[in-house]
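Asks: Structure provided below as structure tokens; questions to follow.
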Amino acid sequence: MARKERIEKQSWKPGNVLSPLPVVLVSCGGTEQWQPNIITIAWTGSVCSDPPMLSISVRPERYSYEIIETTREFVVNVPSVQQAKTTDWCGMVSGSKVDKFAESGLTPAPALKVQCPIILECPINIECRVWQALLLGTHTMFLAEVVAVQVTSALLDARGKFRLDKAGLLAYGLGQYFALGPVIGRFGFSVRKRKSKKRSA
């Protein structure tokens, strides 16, 4: 057996070091009471397959918090590396002072099932309705059902499969943005049997 290389570890205090994470632009508002707004969020993830559900965690002091808490709707828009600077900017300014759609150049477009707009330039748009809000500490987690999904048609191949590897999506970890790398395998590739070559007659 090959000799294993010695791996040393350091002990750190508990913290948010789970990385990388998807970094998303959450759009909300678009009602008579609230104009459309965008909030940048890294604390997000899938939580259930049936019904399809995801979560976002938002600080109560953020401007978008009251919008989401009141309307119980939002859209998770997954940006590409082309929107990296805009994604960062949307997390640095407040929608209470700035019209983020107007200032960022991002395009609000109609959603299918919710009142708030999607962000047209983002490759993936996930429309959500809040099921439950959990106050966890610094953040409130909004558990939400996915009620509709839109994807950019240009990223579909001839068979209608969404080419995630061509979308150029962003990732986030430890205060930095990353571009996702190439595909290295499909789910289950570690146990899939190789096809044997047919013997020539």
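The values are calculated or read from the model by the stated rules, or taken from the named source; none is laboratory data. Given the structure is predicted, the values throughout are model-derived calculations rather than measurements. Note: ideal-geometry Cβ built from the backbone for every residue, glycine included; neighbour counts use all protein chains shown.
Asks: Go through the residues of region 139-149 one by one and say whether even a single one is more than 16 Å from the chain's Cα centre (by Cα), closer than 21 Å to residue 21 by Cβ and touching a residue at least 40 places away in the same chain (Cβ under 8 Å).
Replies: Yes: one or more hits.
Asks: Could you tell me how many of the residues in region 19-71 are in contact with a Lys or Arg (Cβ under 7 Å, 6 or more places away or on another chain) and among the small types (Gly, Ala, Ser)?
Replies: 0
Asks: For region 69-83, state whether one or more residues are in a loop (DSSP other than H, G, I, E, B), within 25 Å of residue 166 (Cα to Cα), touching a residue at least 12 places away in the same chain (Cβ under 8 Å) and not charged (D, E, K, R).
Replies: Yes, because at least one residue in region 69-83 is in a loop (DSSP other than H, G, I, E, B), within 25 Å of residue 166 (Cα to Cα), touching a residue at least 12 places away in the same chain (Cβ under 8 Å) and not charged (D, E, K, R).
Asks: Further question: Mind listing whichever residues of region 138-185 are surrounded by 12 or more Cβ atoms within 10 Å (Cβ to Cβ) and in a helix (DSSP H, G or I)?
Replies: Across region 138-185, the qualifying residues are 155, 164, 165, 166.
Asks: Any residue in region 102-128 that is within 21 Å of residue 166 (Cα to Cα) sitting within a Cβ distance under 6 Å of a residue that is hydroxyl-bearing (Ser, Thr, Tyr) and part of a strand (DSSP E or B)? List the pairs, counting only those 6 or more apart or interchain.
Replies: 119/27; 123/80
Asks: Give, as residue ranges, the strands (runs of 3 or more DSSP E) completely inside region 1-53 that count at least 3 residues that are within 17 Å of residue 84 (Cα to Cα), among the β-branched types (Val, Ile, Thr) and at pLDDT 95 or above.
Replies: 37-41
Asks: Next question. Of (1) out of contact with any Cys (no Cβ under 7 Å at 6 or more places or on another chain); (2) among the hydroxyl-bearing types (Ser, Thr, Tyr); (3) buried (at least 16 other Cβ atoms within 10 Å of the Cβ), residue 107 satisfies all except one. Which?
Replies: Condition not satisfied by residue 107: (3).
Asks: Can I ask one more? Looking at 158, 171 in this structure, which one is closer than 20 Å to residue 46 by Cα and of a type in the set (Gly, Ala, Ser)?
Replies: Matching residue, one of 158, 171: 171.
Asks: Do we find that residue 28 is over 16 Å from residue 111 (Cβ atoms) and hydrophobic (A, V, I, L, M, F, W, C) in this structure?
Replies: The answer is no for residue 28.
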